[in-house]
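Coordinate-derived values only; no laboratory data. Predicted model only: the values in this text are computed from it and were never measured. Ideal geometry is used to build each Cβ from the backbone, glycine not excepted, and the neighbour counts take in all protein chains shown.
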Amino acid sequence: MKISLVSADPAGLNVDALAIPVVTGQKLGAAALDLDAAMGGVLSEMVVNAEFRARIHEVLPIPAQGKIAPRRVILYGLGALHDLDGQRLRSAHHELVRASRTWGYKRLAILRTEPLGTDTLKAVVEGCVLGTFERRSRQTGAEPERREIDEVLIAGFGAGREREVIAAQENGEATNRAREWQNAPPNELTPDALAQEATRIAQRHNLEIEVLGPKELKSGGYNLLLGVGEGSAKPPRLIRLRHHGNHQLETHDGPILALIGKGITFDTGGISLKNPEHMSQMKGDMAGAAAVLSAIEVIASRKLPLDVIAVIAAAENMPGPAAQRPGDVLVSADGKTVEIVNTDAEGRLVLADALTHALRNGATHLIDLATLTGAATVAIGHAASAAVSNDDEFWSVVDRASREAGDRVWRLPIYADYRILLRSQIADLRNSEYGEAGTIMGGMFIAEFAGGKPWAHIDIAASSWNTNTELTTVLRGPSGAGTRLCIELAELMTPRPTDSWPPPVSERTRAAGR
């Protein structure tokens with residue numbers, strides 16, 4: 001789909017439909033009044049009479065009857081202004097494009113009018129690209145439900161912003177790529193298939209790549225990842241991609257950002273077997289890996305002058321004859337001993353070894369993304385990702401990245417009181433059965449392996465896939481949560497001439513007890 005900026009009179013555009021955003025409880029924006037007048041006032045009449053209420057995801061086509069060049073005018077809702085944020089703005093344009101595809105429109109124009117400011121261009125473009133996503137069907141002879149749009153014209157955002165449009169398209173396409181990987185059948189997207197996907201990315205962008213199989217994992221002491229993968233006939237992989245962005249700088253002492261993804265390509269729970277009712281959804285337990293892989297491809301394609309490492313811990317968690325057992329004690333790659341209390345708490349185990357691998361390769365700042373805890377659905381639901389962090393300075397950058405990306409995260413506290421819950425009577429740590437604060441405790445377990453470096457953990461267990469049919473204002477199915485956040489984080493951390501990373505310790509506020 002081609003997306004272009006235009007400065008021509010919207011009434012004269014040769015398109016199938018011209019879309020106008022409307023906010024609940026407000027009149028048409030000033031930029032739409034001439035169009036309304038040309039159509040005899042029908043647009044404002046429908047808004048004033050509440051025939052169109054402008055609810056989020058509400059999309060209404062109106063025949064233009066030859067009064068203007070576009071065949072249709074579409075009113076689409078943004079919801080209430082006080083509820084409008086980056087995520088809802090992208091979601092509104094996602095639904096606009098999906099509806100337009102359903103009606104078979106090939107050329108669509110979007111008019112910027114109040115309350116959309118010119119600073120919303122990125123959100124509008126990303127939302128439109130997200131609306132092109134369709135889960136790839138394996139049905140033979142199936143006809144697509146929606147047709148493709150050839151071109152979207154965007155009016156009212158000014159000229160000379162083509163680079164912003166291209167970057168926003170890349171962000172949207174990266175998110176869709178992560179969504180498709182989430183949706184891939186687990187017999188197709190195995191740990192080795194993830195490694196092959198990473199290899200293709202490395203070849204496209206000349207990235208350093210390392211893939212560790214069972215022999216190398218054993219040699220490196222990555223016993224937590226090995227333990228999770230032992231029950232499967234498909235061996236685990238520890239995948240590392242590196243973009244050497246600091247080669248473009250005069251000095252090589254800038255930050256090294258590690259993006260770390262949980263890549264459990266299918267999760268039965270292992271010996272601690274899950275309820276079979278919804279187990280088919282566990283093909284999406286590699287959503288963190290999907291986000292990280294998709295993000296580093298964009299980072300590499302832009303040749304950002306920042307060193308970025310992507311580490312993927314890939315495995316299947318199966319109850320095979322060699323599967324680890326509740327009660328086992330394993331030695332992690334960094335030397336800590338871990339009692340396995342519940343084999344279904346496997347994500348924190350593979351991430352612990354993945355963090356150690358990132359640190360061994362020089363990472364100075366770490367962020368991990370994982371479908372980690374069912375408790376995240378209880379704590380925060382599908383509308384946002386839960387997060388914890390050990391460093392306020394780093395968290396402020398992550399938080400800004402989430403807002404820039406329209407990729408919501410909400411930070412939960414790490415209280416010192418909870419540390420006692422991690423204790424085991426026979427090992428340094430236990431991996432589960434803490435009794436309370438499940439999402440926080442999962443993050444605190446991972447924090448034990450961050451080596452004191454600035455770190456953030458994003459729990460996308462609920463945000464990566466909306467299964468709640470009643471939560472209609474959050475997009476259904478796979479979301480690609482965290483993909484754009486990682487891209488924006490790398491952009492924000494890219495050193496500028498006046499930057500100093502990391503800031504002196506005296507200027508950093510540690511948040512371990514926050």
At what distance in nm do the modelled label points of ASP83 and SER301 sit from each other, each positioned 7 Å from its Cα along Cα→Cβ? 3.3 nm
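Could you sort the peptides 206-219, 254-267 by per-residue average Cβ neighbour count (10 Å cutoff), highest mean leading? Could the numbers behind the result be given before it?
Numbers: 206-219: 15.0, 254-267: 28.0.
For the peptides 206-219, 254-267, the packing ranking is 254-267, 206-219.
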Total formal charge among the other residues, if their Cβ is under 11 angstrom from that of GLY172, Lys/Arg +1 and Asp/Glu -1: +2
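Which order do peptides 108-118, 222-232 fall in by mean Cβ count within 10 Å, highest first?
222-232, 108-118
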For the chain, treating each Cα as an identical point scatterer without solvent, what Debye log10 I(q)/I(0) comes out at q = 0.08, 0.10, 0.11 1/Å? -0.52, -0.78, -0.92
Rounded to the nearest 0.05, what FRET efficiency is calculated for ASP9 and ARG138 with R0 set to 51 Å and r the Cβ-Cβ distance? 0.65
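Return the subset of LYS336/LYS453; LYS106/LYS283; LYS218/LYS274 for which the Cα-Cα distance in this structure is over 24 Å, preserving the input order.
LYS106/LYS283; LYS218/LYS274
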Sorted by mean Cβ packing within 10 Å, highest first, what order do the peptides 65-73, 122-130 take? 122-130, 65-73
For the stretch 2-156, state the average projected area of the convex hull of the C-alpha atoms over all orientations, rounded to one decimal in nm². 9.2 nm²
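Rounded, prolate or oblate: which fits the stretch 360-466 when a ≥ b ≥ c are the square roots of the eigenvalues of the alpha-carbon gyration tensor, with rounded for a/c under 1.5 and prolate only if a/b beats b/c?
Values: a/c = 1.99, a/b = 1.22, b/c = 1.64.
Oblate is the answer for the stretch 360-466, as a/c is 1.5 or above yet b/c matches or exceeds a/b.
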Using the alpha-carbon atoms, what tilt in degrees (0 to 90, nearest 10) does helix 347-360 show relative to the longest principal axis of the chain? 80 degrees
To two decimal places, what compactness ratio does the stretch 269-371 give when its Cα radius of gyration is scaled by 2.2 N^0.38 Å? 1.24
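Can you classify the stretch 12-77 as rounded, prolate or oblate using the Cα gyration tensor, where a ≥ b ≥ c are the square roots of its eigenvalues, rounded means a/c under 1.5, and otherwise it's prolate if a/b beats b/c and oblate if not?
Values: a/c = 1.88, a/b = 1.49, b/c = 1.26.
Prolate is the answer for the stretch 12-77, as a/c is 1.5 or above and a/b outweighs b/c.
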Measure nothing fancy, just the Cα-based angle from helix 287-301's long axis to the longest principal axis of the chain, in degrees from 0 to 90, nearest 10. 70 degrees
Tell me, what is the FRET efficiency for ASP328 and ASP119 to the nearest 0.05, using R0 = 60 angstrom and their Cβ-Cβ distance as r? 0.70
